[in-house]
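Here the structure comes first, spelled out in structure tokens, and everything after it is commentary.
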Amino acid sequence: MNSSRDWTVPGLTIGLIAAIILGMLVPDWVLSVITISFARALAVIGLLVLWRAGLVSFGHALYYGLGAYTVALLGKYWGVHDVMLLIPAALIVSTVCGFLLGFILRKYREIFFAMLSLAFSMILYGILVKTESLGSTDGFNVGAPTFFGFKFEDVQDNKIAFFSFLCVLGYIAALLVHYYLRSTLGHLTTAIRDNEIRVEYLGYSVAKAIHIKYTMSAALAGVAGACLALTLSQVDPDSMVNWTASGELVFVTILSGTGNVAAPFIGSMIFDLLRTYAFEWAPHAWQLIVGAFLLLIIFFLPGGVWSVIARIFGARRKL
Amino acid sequence: MSDQSGPLLETRDLNKTFGAVTAADNINVTVVPGEIVGIIGANGAGKTTFVNMVTGYLKPTSGTVFLRGQNITALAPRQITKLGMSRSFQVPQVFLTQTAFENLLEAAGIADAMNGISALKPLHRKPLLDKVDAILKRYRIDEYRDQETSTLPQGIRKLLDIAMAMVSDPDVLLLDEPTSGISVEEKFSLMDVVMEALQEEDVTVLFIEHDMEIVERYTTRVLAFYEGRIIADAPPEIALNDPEVREFVIGDHKVGQHQAHGDR
């Protein structure tokens, strides 16, 4: 079917090496921006999987928040700061929550799926805002991470180490999702979007397939939230659980395109650079610039920035 | 493949009502392996309701459906497919943004998953690719292999729909109006391809059809529906000449035309 060679794995490998080297060379502020971008990209990979099945979640900040608050609470109440404990803990919490909510969400499609996912995220937002022990509206600080119990003396070195760790994490996640999308179950994403009836009559449960995809996306968003909390050194409901955080993930998914698992990393970086420069240029109207940019993407690049890359390298666009 | 010792498909006292409308009224049918059953009836007679109940799309108000003696009445379509009964649709149910090859590959991957092979295995693996190419040839749609399904002619989509239903090697296949929306000239060539392919695969077939010439040529048995009831269940030469069938299903003027064309 697709005669052109798939460059995803070598591309991701080169990207991993380049990103780690770049992380050591760029100024502090650029490193912070790229770290946030890559953390968010993990969540966007999950949305990509749902998007291909025709499902848009406006509530993935729920898992973002669960991951972030898991990290923050483990640090605050149990003194856990090692990424080797924090990331798996965030992964487990978000996966279990995604799996449980998946039983409800797998019954819904289109706007109902989007709004129900939003409703669940706003419940968590409400709980966080109203609960003093969870930091209420202010949230609380997150300590610097350690790696297998080791912590760099220099703050900048620790940030570089965390960025490198995040790159490896992103690489593993992207590879796993890539291989998943190449499997029978992964190919069902497009099939489900096209025709659920036929999938059922071929002998596979659409609800089960959607449940797996939803749980997978929740797990990725949880890890993304944990990484974001460790990057920003703080958690708060407004920037991590509010509907605007979910909207931001959808924005970046559209901007990135869903053609390849590498797209979220590129799209997320473009988004953060755009936001950074828009804010510097027009501090009171940066949202206007970001909104106009999204409109341009929708009108002229409906396949996102990945469609440009796909065109240049002759790869087939998969939307 | 099929259990030759008893009925393959059986319905007992199958009823379906939609409010005050009775779409199926005590349907009792027994189908044995190797039969090719034509289901005829005017619009609204209950043909598609019958097929939908048998394949799990609709749950009957009362009554039971058995496949090889196993009660499948409460099962979902995917479970019925796993047990060996597939179907095609009046409006072909294919994956419109994918090519004909990709449609069949997806079907082949799911069929493998049903047979216990992990659904996490890569879809593009040689046994599946070879199987799909063979199916494309068998249904004579190989020249449309890499064409997106949304751009295919209706007849080719119908063939693809049937081919997809056959990928899992079912024992029973139900076809809902395989020739609807096809030009008169194309109907017989399409049915020749379908029946030739199905004979190769040793499958028992039930198909809904409005064209009596098609029914007469390709079936071994006819079920005639009228107002949710079966008014005739006999070989085509008997059923198509049944007075009730002539009056309520075919219509006298159509019988006249049919006879004027002569037997095909």
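The values are calculated or read from the model by the stated rules, or taken from the named source; none is laboratory data. These figures come from a predicted structure and were not determined experimentally. Reconstructed Cβ throughout: ideal geometry from the backbone, glycine too, with neighbour counts over all protein chains shown. Heavy atoms of the whole protein, side chains included, go into the accessibility calculation; ligands, DNA and RNA do not. Shrake-Rupley method; radii C 1.70, N 1.55, O 1.52, S 1.80 Å.
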- Give the Kirkwood hydrodynamic radius (Å, one decimal) of region A:8-243, defined as one over the mean of 1/r across all pairs of different Cα atoms. 18.3 Å
- A:Leu176 to B:Asn115: FRET efficiency via 1/(1 + (r/R0)^6), r the Cβ-Cβ distance, R0 25 Å, to the nearest 0.05? 0.50
- With the full set of protein chains present, the residues of region A:203-222 whose 1.4 Å probe accessible area falls by 10 Å² or more relative to the chain alone are A:Gly203, A:Tyr204, A:Ser205
- Subtracting the Cα-Cα distance of A:Arg311 and A:Ile197 from 0.36 nm times their residue separation yields 37.8 nm
- Place a +1 charge on the Cβ of each Lys and Arg in region B:125-170 and a -1 charge on the Cβ of each Asp and Glu, then give the dipole magnitude about the Cα centre in debye, rounded to the nearest 20. 120 debye
- Whole-Hz ³J(HN,Hα) from phi, Karplus 6.51 cos²θ - 1.76 cosθ + 1.60, for region A:140-151, glycine and proline x: 7, 7, 10, x, 5, x, 10, 10, 6, x, 9, 9
- Within region B:1-110: Cβ-based charge dipole about Cα centre, in debye rounded to nearest 20 (Lys, Arg +1; Asp, Glu -1): 200 debye
- Message: With every protein chain kept in place and ligands, DNA and RNA left out, what is the accessible area per residue of region A:110-161? Probe 1.4 Å, answer in Å².
- Response: 61 Å²
- Sorting B:Val205, B:Ser118, B:Leu105 by the position of each Cα along the dipole of the protein assembly as shown (Lys, Arg +1; Asp, Glu -1; all at Cβ), the one nearest the positive end of that ordering is B:Ser118
- Message: Can you list residues from other chains, or at least 5 along the same chain, whose modelled amide H is less than 5 Å from the amide H of B:Ile231?
- Response: B:Ala224, B:Phe225, B:Tyr226
- Taking the Cα centre of the protein assembly as shown as origin, sum charge times position over the Cβ atoms of Lys and Arg (+1) and Asp and Glu (-1), and report the length of that vector in debye to the nearest 20. 1380 debye
- Excluding ligands, DNA and RNA, what is the solvent-accessible area per residue of chain B at a probe of 1.4 Å, expressed in Å²? 42 Å²
- With the charge dipole of region A:8-243 built from beta-carbon charges (+1 for Lys and Arg, -1 for Asp and Glu) about the Cα centre, the Cα from A:Ala191, A:Ala119, A:Gly225 projecting farthest to the positive end belongs to A:Ala191
- Averaged over B:120-129, how many beta carbons belonging to a partner chain fall within 10 Å of each residue's beta carbon? 4
- Message: Could you work out the relative contact order of region A:8-243? I mean the mean sequence separation of Cα pairs under 8 Å and 6+ apart, divided by the number of residues, in percent.
- Response: 45 percent
- Message: Need one number: buried accessible surface between chains A and B, 1.4 Å probe, both sides summed, DNA, RNA and ligands left out, in Å² to 100.
- Response: 2600 Å²
- Using distinct alpha-carbon pairs, which all enter the 1/r mean, Kirkwood radius of chain B in Å: 19.1 Å
- Would you please name the trypsin sites (Lys or Arg not before Pro) within region A:244-319 that are DSSP coil residues with at most 16 other C-beta atoms within 10 Å of their C-beta? A:Arg316, A:Arg317
- The set of residues whose placed amide H lies less than 5 Å from the amide H of B:Phe207, leaving out same-chain residues fewer than 5 positions away, is B:Val37, B:Gly38, B:Ile39, B:Leu175
- Query: Size of region B:141-259 along its principal axes in angstrom, Cα-based, largest extent first?
  - Reply: 49, 29, 24
- Task: Express the carbon and sulfur contribution to the solvent-accessible surface of region A:1-132 as a percent, rounded to the nearest whole number, probe 1.4 angstrom.
- Result: 75 percent
- Checking region A:1-107 for chymotrypsin sites (Phe, Trp or Tyr not before Pro) in a loop per DSSP with at most 15 other beta-carbon atoms within 10 Å yields A:Trp7
- Item | Whole-Hz couplings from phi, Karplus 6.51/-1.76/1.60, listed for region A:229-234; x for Gly and Pro | 4, 5, 6, 7, 6, 6
- Query: Across peptide A:176-187, what mean number of C-beta atoms from other chains lies inside 10 Å of a residue's C-beta?
  - Reply: 5
- Give me the distance in nm between label points sitting 7 Å out from Cα along the Cα-to-Cβ direction at A:Met24 and A:Phe147, one decimal. 1.1 nm
